[in-house]
Every structure is written in C-alpha cells, then in structure tokens.
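Only one structure is covered here, and it is reproduced in the block below.
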Amino acid sequence: MRQVLHMHRAGDCWISTFLLEPMNAPVLMFMHGGGLNGGDKRRVAHIGRRFASEGFITVCSNYRLSPANTHPAHIEDASAAFDWIYRNIAEYGGNPDRIFVSGGSAGGYLAALLAYDGRYLAKHNLLTDQIVAVIPISGLVDVTRANRRRQRVVWPGDSEVRHSTRRRVTMPARTARPP
C-alpha cells in the first residue's frame, strides 16, 4: 500500500490518497471530525489504510477550519475535494462513478450536506447523483442544536440560524429529499 499526498488548493485543503494498486476500484472520500474548528486528515489515516486493504481507494481530505473560516468555507472545500477526486481518481485506479462520501462528526455533517444540497457540487458542474452513497457517522444534521458559541463561530452573522433559508443552506436534515 502506498500513500500519495496532493496539494489540492491553497490553504489547509490537502488530500491523502491510500491505495493498493487496484484498477477501477470503488472510492471512499472521508472527512475528519473536530467540530469544524479542529481535526486533521492525519487523525483518520487508519481509516484510509483499512479501506485500502479492502480494495477501496480512500481519499482523506482536510478543510478550512473555524474560527479563521466560517460557513460555507468548510463545505466549499469538501466540494472542491470531491471535484478533484471525480476528475483525477481514474489516474490512480479509482472509478469516478463509484465514489462514496463519509466522515465522522463534523466530517459526517459535511458528507451529508455535500450529498443532500446540490448547490455546492453544482459550482463544479457536478451533481449529487455522482455520489453513490453517503455515510455520515455521528454527523450534526441540525445546526440549531449546536451550542450558541459554536453557532456564532461557525455561522457568524446568523443570530438567525433558525431562519428558514439559513436552515436550508446549513442543515442536511432540511435539504434531504427521498429518491
């Protein structure tokens, strides 16, 4: 197994790719947790290695963190990482039509938001249908349940986090639609 590092974009968005030299392999995009204000893809490297040992190409990505960055920076980085994967993973033996998106905690929130709100992928001329499945692990799906401090740090200027349009923008639970 080898690990390949890629500079995805300026700032803190790095991508690690774990692979065992498979061809046309399924791909797992995994995002770390940390409350959107901490964490790093290196903390989830064991997930990349484990899924690679089962034949997946696993891509673990970072995203900009709060308080230095606020919504929608986190999800913009997640969608940019998905775009990179979709357009480049075939060079590494991955199948761009078999991408699964997952993450733990804050990463689960981002995975769900990426899969359920098509506006972020649309900026890259992609569709949520290009995600085979989403596996949010302990992801926040209702930002009004985040503590007040986190609401102010991650979604500043939104003392009205409960405002209906903001809820749609930030909460996967409000944007999910049945297939």
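Observations on the structure shown:
- In this simple spin-label model, placing a label point 7 Å from the Cα along the Cα-to-Cβ direction at both residue 23 and residue 95 gives a separation of 1.4 nm.
- Between residue 43 and residue 124, the modelled label-to-label distance comes to 2.3 nm, taking each label 7 Å out from Cα in the direction of the beta carbon.
- On full extension, the segment bounded by residue 135 and residue 53 gains 27.6 nm, given 0.36 nm per residue less the C-alpha separation.
Every number in this text was worked out from the coordinates using simple rules, so none of it is lab data. On a predicted model such as this, the values are computed, not experimentally measured, just so you know. A quick note on method: Cβ atoms are made from the backbone with ideal geometry, for glycine too, and the neighbour counts reach across all protein chains shown.
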